[in-house]
Amino acid sequence: MAIAPPYLRPLHKSLFPKYPSFSHDSPFRPSLHFSSRPFRLTVRASSAVALEQDLRTQATQQNQTVETELFSCPVCYEPLIRKGPPGLNLDAIYRSGFKCKKCNKSYSSKDVFLDLTVTAGLRNYTEVKPVRTELFRSPLVSFLYERGWRQNFNLSGFPGADEEFRMAQEYFKPAEGGTLVDVSCGSGLFSRKFAKSGTYSGVIALDFSENMLRQCNDFIKQDASLLARADQYFIGICSNIALVRADVSRLPFSSGSIDAVHAGAALHCWPSPSNAIAEISRILRSGGVFVGSTFLRYTSSTPWIIRPFRERVMQSYNYLTEEEIEEVCTNSGLTNFSKK
């Protein structure tokens, strides 16, 4: 683990089975898991965190109008009023309108995703994010991400998408049947796997990049196994996945409303990991699970003579150490932190 090791960290509250260990020199490190109040955990495949907060309330659905307890206004965090067909799928979200009952701000599914950013709907305002954020908003990078870019992570020690998914699923066992949010989902590599698994009642693929979400939509439409069936015919509607544009530091969900949060190879890209983890802690229900992976600045096995060099050359991203990640997580109220 001498150089920039990645590190997988699931967040959840309960116990996990142990995964095969990686070599001490491997840059890949599945990381941590937490539980919000109960202190029981076991290391499984990647890192995991379990949070405990309020139990999720179910959204009411009546006469094509739904008061959503899941989606909330990114400005004031009040639940959004939804008008349109019920359901957490591409078609239902696209045909629905959302409005905050407190600040009166409206949100719509323009394009192929529901835009729940604070700047949604603004025409004369442009906000430039850090270079690492803007990079993934590029049409070219979004197109290449799942066509070679992500596969190169194997060279840094990541075990590959299939194995990472299997490890995450073990951590997410306490969240089966609930709602999973794949934050910084990119082109939806893992979002689609979670949706196809049939493990969750709904999967929300969430990213700040408009072009990543468009790529995610394209991949979904090309995957027949994700489309709902009607009388043996595909009807072109993904039955349990929705695309949402949002800022990870201001997640548009009610507190304690989400069962599981996944963040694959993402933490180091966030402008403020501490704010993002605090938000993840806020939206997770009691016993909810958070699983994520990232690259480390260095590990306990990295020779001390190399560490200053790594400090200088890795400043373009928020590469953290294991100790820093654990401290940020526990400071945000997560417990049962574990790493691998």
For this session: Report the paramagnetic label zone for GLU323: residues of the stretch 252-288 whose backbone N is under 19 Å from a point 7 Å from Cα along the Cα-to-Cβ axis.
Result: 274
Seminar exercise, completed: With label points set 7 Å from each Cα along the Cα-to-Cβ direction at PHE143 and SER108, the distance between them in nm comes to 2.9 nm
Seminar exercise, completed: Kirkwood-based Rg/Rh on the Cα set of the stretch 116-198 evaluates to 1.04
Exercise. Which number do you get for Rg(Cα) / (2.2 N^0.38 Å) in the stretch 113-332?
Worked result: 1.04
Exercise. Listed here are the pairs LYS173/LYS193; LYS173/LYS196; LYS129/LYS193; LYS173/LYS339; LYS173/LYS340; LYS83/LYS129; which of them are more than 22 Å apart at the Cα?
Worked result: LYS129/LYS193; LYS83/LYS129
Exercise. Heavy-atom accessible area per residue, the stretch 113-332, 1.4 Å probe: how many Å²?
Worked result: 41 Å²
Problem set entry | Carbon and sulfur %, accessible surface of the stretch 113-332 computed with the full protein complex present, 1.4 Å | 51 percent
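The values are calculated or read from the model by the stated rules, or taken from the named source; none is laboratory data. Fair warning: this is a prediction, and the values are worked out from it, not measured in the lab. Please note: Cβ atoms are built from the backbone with ideal geometry, for glycine as well, and neighbour counts cover all protein chains shown. For the accessible areas, the whole protein counts, side chains as well, though only heavy atoms, and no ligand, DNA or RNA atoms are used. Shrake-Rupley method; radii C 1.70, N 1.55, O 1.52, S 1.80 Å.
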